[in-house]
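The values are calculated or read from the model by the stated rules, or taken from the named source; none is laboratory data. Please read all numbers here as calculations on a predicted model, not as lab measurements. Please note: Cβ atoms are built from the backbone with ideal geometry, for glycine as well, and neighbour counts cover all protein chains shown.
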Amino acid sequence: MKEKKSIVIGVTGGIASYKALDIVSRLKKKNYDVHVIMTESATKFVTPLSFQSLSQNMVTIDMFNEPKVFEIQHISLAKKADLMIIAPATANIIGKVANGIADDMLSTTIMACKSPVVFAPAMNTNMYANPIVQDNIKKLKKYGYEFINPKSGRLACGDVGEGKLEDTEIIAEFLDSKLYSKKDLKGKNVLVTAGPTLAPIDPVRFITNKSSGKMGYSIAKEARDRGANVTLVSGPSNLEVPFGVEFLKVSTNEEMFNAVKSNFDQQDIIIKSAAVADFKPKEYSNHKIKKTEDDMSLKLTRDKDILKELGKMKTNQVLVGFAAESRDVFENAKGKLHRKNLDYIVANNILSKDTGFASNDNMVTIISKDGKINSLPKMTKREVAENLFDIILKKI
């Protein structure tokens, strides 16, 4: 079991203070040791007891309260933190830290913290756009502090614009990514394709497949968390776009090929997990095909074999393909591996009832061009992604 890491969350006095409760809850579910520091203003919005109940740790507010044990509290919390997050971060706390002011428990702890410190601003849109606030943010970034930018939307004051606290799910995922133990892809460029592609028949109809994109998105997140610069090329999917990746949305086989081709040369690793349509209608109708009493036959023609084309283009890149098979899984996957000049192929049986398309789990076999076979038991798609990169990185 991995060692439990500590996160210190600073909560300041803004209307978004209540959202910090959900951040604490999410971090606890990820098995972090969470400690909360509240400013006096924050206690006017949310009670310390709420944070204490969720974090299962005492909440710190006043620098001069008698400590439970003999320790200088702002120093001990700063040393305890593997990472510190201020959410919501008001213009006041940003200004204090940017100008070296340490006059309460939160600001002194930030000053004493040598671990990464992240600010998640939330304030009125006019305050956020104020040149003084923006200059303070730039100054803190120059010193190495990180920021999770606010969203645009309707604010509590009724104004509409940038200043809403980023979604708590994204904030928790960002922190989880920062503390991910493996950073062995730092500086590498990784391109991942995901989801299905569409083959249009007419303006309202198309041919596609059951791919949800979950495997490809999991691979993109794993690469991101390990420090890579990630480009995710995705067909239609209902999944949330992962933060911190370059996202290219496509629909057709041709669009996916063009997106991958234009980004191919600068990549170190390309993983083609998308379920690309192999066939398309021989003729596309510019108008909706009307229903008649007769049966309709649709003539199909082969579409571009993207993976095969990439195999021809490959120089020093590591190229990985996927083989979704319903029979003769190993034999078909090995044939695809060699025909398309791949370095690795990930094979899985699509007839399995509890893995594969739309499932959160998968059970795959990873075959390398030197003939080595790694058969993995059933696991989450994120765990498959982790194992895949572990295997790839042994060779590069």
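Exactly one residue out of ILE270, ILE350 is at pLDDT 95 or above and either within 21 Å of SER218 (Cα to Cα) or aliphatic (A, V, I, L, M) (or both), and it is ILE270. Across the stretch 1-25, which residue is nearest to MET123 (Cα to Cα) among those that are assigned to a helix (DSSP H, G or I) and of a type in the set (S, T, N, Q)? Filtering first and then ranking leaves SER17. Within the stretch 231-249, the set of residues being farther than 12 Å from ALA277 by Cβ and assigned to a loop (DSSP other than H, G, I, E, B) comprises SER237, ASN238, LEU239, GLU240, VAL241, PRO242, PHE243, GLY244, VAL245.
Quick one: how many residues across the stretch 252-300 are among the basic types (Lys, Arg) and surrounded by 13 or more Cβ atoms within 10 Å (Cβ to Cβ)? Even if it seems obvious, please write down each step before you answer.
Here is the first cut: in the stretch 252-300, the residues among the basic types (Lys, Arg) are 261, 272, 280, 282, 288, 290-291, 299.
Filter once more, keeping what is surrounded by 13 or more Cβ atoms within 10 Å (Cβ to Cβ): 261, 272, 280.
Total meeting the criteria: 3.
Quick one: count up the residues across the stretch 148-195 that are in a helix (DSSP H, G or I), acidic (Asp, Glu) and closer than 30 Å to VAL276 by Cα. Step through it out loud before you land on a result.
Going residue by residue through the stretch 148-195, those that are in a helix (DSSP H, G or I) are 168-178.
From what is left, the residues that are acidic (Asp, Glu) are 169, 173, 176.
Pick out the ones that are also closer than 30 Å to VAL276 by Cα and you get 173.
Residues meeting the conditions: 1.
For beta carbons closer than 6 Å, sequence separation of 6+ or different chains, a first residue in the stretch 95-119 that is within 13 Å of ALA78 (Cα to Cα) and a second that is acidic (Asp, Glu) and at pLDDT 95 or above, the qualifying pairs are SER115/ASP82. Search the stretch 26-42 for residues being buried (at least 17 other Cβ atoms within 10 Å of the Cβ) and of a type in the set (Ser, Thr, Tyr), and hand back the single one that is farthest from MET123 (Cα to Cα). Residue satisfying both the conditions and the ranking: TYR32. Exactly one residue among LYS221, LYS183, LYS261 is outside the structural domain of VAL346 (by TED's automatic domain parsing), of a type outside the set (Asp, Glu) and modelled with pLDDT of 95 or more, and that residue is LYS183. For the stretch 161-177, the count of residues that are among the β-branched types (Val, Ile, Thr), more than 11 Å from the chain's Cα centre (by Cα) and not assigned by TED's automatic domain parsing to the domain that holds PRO281 is at least one. Taking the condition closer than 18 Å to LYS272 by Cα, of a type in the set (Ser, Thr, Tyr) and either in a helix (DSSP H, G or I) or out of contact with any helix residue (DSSP H, G or I) (no Cβ under 7 Å at 6 or more places or on another chain) (or both), does THR301 pass? So THR301 does not fit the description; no. What pairs come out if I take residues in the stretch 49-62 that are of a type in the set (Asp, Glu) and pair them with residues that are not in a loop (DSSP other than H, G, I, E, B) whose C-beta lies under 8 Å away, six or more apart or interchain? Taking only residues 6 or more apart or on different chains, the pairs are ASP62/MET105.
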